[in-house]
Every structure is written in structure tokens, then in C-alpha cells.
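Please treat every number below as a calculation from the coordinates, not as lab data. These figures come from a predicted structure and were not determined experimentally. Cβ sites come from the backbone with ideal geometry, for glycine too, and all protein chains shown count toward neighbours.
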Amino acid sequence: MCKIKPVIRVSKPEYRTIIRRRMGLTQSDLAAILGFSHRYVTYLERGTRNSKNYDRKLEKLYEQYRKQSAQRRAA
């Protein structure tokens, strides 16, 4: 049996929203953490704007969140 590690891709607007919600953050919270405006995060999640820089930061934050969640479950 082959185990495949899921790959996180946040290039589509709906994935950006899903990941933010999984972390339990509002758009305003996420904007403050990543250094973007609330309005810009809204544009990104609607798909009216695109930003590879935002996607990289979001992926990095989500990976940190997943690691911390796994550590909490293990403890």
C-alpha cells in the first residue's frame, strides 16, 4: 500500500477560504498576521486578485498550524 502525502495548494480562492477557516481565523485576523489589509484578503478569497506572495505566506502559516495541532494531539 502506498501512502501519499496530501499536497496543499492554495492557488484557488475557495482553498484560501477553506484553509483560513480551518485555522479558525477571520479575514481580519489573517490579514493582520500576514501583513495584508482586510480588503485585500477579501479580494483574494473572491478571486478578483491573485498573489503568489500571499499564497506562500498562507501555506507557511498553515503548515505551522498543522504541526502545532499534531503536537497538541500527541500530548
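Things to note:
- Unmet requirement for LEU44, which otherwise passes all of (1) surrounded by 14 or more Cβ atoms within 10 Å (Cβ to Cβ); (2) farther than 18 Å from LYS60 by Cβ; (3) not charged (D, E, K, R): (2)
- Residue match in segment 52-72 (condition: in a loop (DSSP other than H, G, I, E, B) and hydroxyl-bearing (Ser, Thr, Tyr)): no
This table checks each residue for (1) touching a helix residue (DSSP H, G or I) at 6+ places or on another chain (Cβ under 6 Å); (2) among the β-branched types (Val, Ile, Thr); (3) surrounded by 11 or more Cβ atoms within 10 Å (Cβ to Cβ).
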residue: LEU25; (1), (2), (3): no, no, yes
residue: ALA31; (1), (2), (3): yes, no, yes
residue: GLY35; (1), (2), (3): no, no, no
residue: TYR40; (1), (2), (3): no, no, yes
residue: ARG49; (1), (2), (3): yes, no, yes
residue: ASN53; (1), (2), (3): no, no, no
residue: ARG56; (1), (2), (3): no, no, yes
residue: LEU61; (1), (2), (3): no, no, yes
residue: ALA75; (1), (2), (3): no, no, no
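- Identity of the residue in segment 31-40, without any contact (Cβ under 8 Å) to a residue 24 or more places away in the chain and in a helix (DSSP H, G or I), that ends up nearest to the chain's Cα centre (by Cα): ALA31
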